[in-house]
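Shown next, in structure tokens, is the structure this report addresses.
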């Protein structure tokens, strides 16, 4: 061995000409050279693509005589906003319209996130309770509102609010608050707009500072000291707000501007439009369901020994909760909460569906009026990216300050003790319902509330309901319940859209093929890359051939004729089939050693993840044709699917990347030692293990993607939500909107709840195998 190391026959190796092997390693055939060439080719292709798209866009602008530049920002808009934080009128310029829309978005986001956080913490606490009835109530809340798309909830709340009495018959509370079909009118301080904004900023800063002082893990301050400091911060903010009020309030005028009925409408006060109110309710309710689950996972991570130690020290249950459990839970889940907050802020764009004048609606209206498509889309994306980046940076900074470090970190990876709803013994009954007098009172209160809701809903939905369309006249009776006769009359329209009635068997069979492929995918024996690929390729091909026709005597129908549930399933399946391989490619490139390509890929992923999906879909449907030649534009549906798939791929790529990082490094090293090429290492060794590790989050991502297919209704596609709106859209059934939206929500719930339960089953199975 020594002779070999020295060059053989005991003589030291003398540097000389390159051997053949060394020439291959350092010449054109070396791995380093190949990687450099690949990077240069890919980067050059990306640059050429960008130049080509820009050139096509400029040619389209010149051909259509469209204006360019940002001079339009100083022109008058000529239109008004239904709701604005700042004064705005038709004579105001575009830049002020954009500012008003941005402030509306920030107001909607701040109010919705605040309510969602408070409600989410309460529901998460209730669901984590060891009281069986309380835990059941929290579980029902989470499962219902988390598994119905936010857009469906928004449309339902909006219809309920617009069906309220007119202003002259408004519901009033003490002549200070009025609720009507024009929105909610609230008292407001008699102050200039700037002073009101300043007071809001000061109070928000005071609350944020108080929370910071309560949760910050610095200086070793005791809980009592933290509470005193937080109280001083709130008092300082309150004092500064009072000072601003005194300095700007005009003497002799009332302190409050109260709303009052004048003529046929309400005047004065501050009006929350029905559009904004519907958005706030939908965002807060939907977001609180997710935040509740995040908080529950935080409670599960708190070490049980800390709770027992606090009780041994004599702390009350309330003190233990507010000083031990809740702070530790928030510290544990702050990164996840940050992601949820960023997502909810992006979700404010759904206000477009009901006409709320948020930033996205203002941008889309400005595009229609001015024709400055690229400039306005660019402004929107840059502003939204900056907002999301600042929000994520802020919460990441907060997380860095409040997180526990070193020996302070005593978190548990276990679960809370299971609560039995149906006890099998007196001991379990007492433990689940009557652990203490407080637990007994909670059981009684929640039990009565659940019983009352079940009785009322059961009477309305089943006992007093009208089921047959022939009994439609009974729906208008005063004591009538749900009018399910609208479903009996319009179920074909809801499920199949405008697909010809005589051909709807094809749509039903195609949907059955896709659903069957999904069910077979859950069978462990099918968990093989080749089997899954063949299964979905066969199911999707069969669906497409049945829906399109044009063979074997089947009538040919284009995707424009599709609708209802079939279109929803087609979009979902297309997004997953295209997006999953793309996600694998993005994840592999981002973790590769080709640093420039990895950096570019990471930038693309992070940029797309920072933008709202609705804005990307709108761009694909409306803006992208300007940057493409006519032969490449294709159908609007396919452009939307491709952009939707890219959005899905960026999120799934991050899930895959986390799976790669969780694998032991020795797995890839062992495969390399066996001489396996890169493709075999990835396909046969790494990817199977990665997918096994990330099955639960992948299923959750599929659930989110299925719910987000409802967004395509905003750009004119006749999917199941749009067909539902059409079902009650005529004078015959316009009163039955509640039943139609509940039926649509039930369709989504059936799919998403099944997927989420399957994901929970996989998570439990994987956790059991690891133990």
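If neighbour count is taken as other Cβ atoms inside 10 Å, put 364, 464, 436 in order from fewest to most. Provide the component values of the computation, followed by the final result.
On the way: 364 20, 464 14, 436 10.
With the fewest neighbours first, 364, 464, 436 line up as 436, 464, 364.
If you project the alpha carbons of the stretch 471-770 onto the principal axes, what extent comes out on each, in Å, largest first?
Principal extents (largest minus smallest coordinate, Cα): 77, 52, 43 Å.
Considering Cα pairs under 8 angstrom that are at least six residues apart, work out the relative contact order of the stretch 203-332 and quote it in whole percent.
Details: 69 pairs, mean separation 24.4, N = 130.
Once divided by the residue count of the stretch 203-332, the mean separation gives 19 percent.
For the pair residue 683/residue 731, report the inter-label distance in nm, with labels modelled 7 Å from Cα in the Cβ direction.
If labels sit at residue 683 and residue 731, their model points lie 6.4 nm apart.
Answer with a single label: of (1) 45.3, 152; (2) 30.0, 111; (3) 28.7, 101, which was calculated as Rg and Dmax of the Cα atoms in Å from the structure in view?
(2)
Which whole-number percent is the relative contact order of the stretch 471-770 (Cα, under 8 Å, 6+ apart)? Show your work: numbers first, answer last.
Numbers: 296 pairs, mean separation 69.8, N = 300.
This gives 23 percent for the stretch 471-770.
With n ≥ 4 as the cut-off for DSSP H runs, can you work out [θ] at 222 nm for the chain, using -39500 (n - 2.57) per run divided by the number of residues, rounded to the nearest 500? Kindly include the intermediate steps, with their values, before the conclusion.
Details: 29 runs with 490 residues, N = 771.
After summing the helix terms and dividing by the residues of the chain, the value is -21500 deg cm²/dmol.
If each residue's Cβ is checked for other Cβ atoms within 10 Å, how do 763, 669 rank with the fewest at the top?
Working: 763 15, 669 10.
In order of increasing Cβ crowding within 10 Å: 669, 763.
In whole percent, what relative contact order does the chain give with Cα contacts below 8 Å and a gap of six or more residues? Intermediate values should be presented prior to the final figure.
On the way: 948 pairs, mean separation 116.2, N = 771.
Computed over the chain, the figure is 15 percent.
Among 51, 575, 699, which comes first, second and so on when ranked by fewest other beta-carbon atoms within 10 Å?
Values: 51 10, 575 25, 699 19.
The most exposed by this proxy come first: 51, 699, 575.
Determine which residues of the stretch 113-133 fall in the zone a paramagnetic label at residue 450 would reach in this model, i.e. backbone nitrogen under 16 Å from the point 7 Å along Cα→Cβ.
123-133, by backbone N distance to the label point.
None of the figures in this text is laboratory data; all of them are computed from the coordinates on show. Bear in mind that the values here come from a model prediction, so they are computed numbers and not experimental data. Positions of Cβ are backbone-derived with ideal geometry, glycine not excepted, and every protein chain shown enters the neighbour counts.
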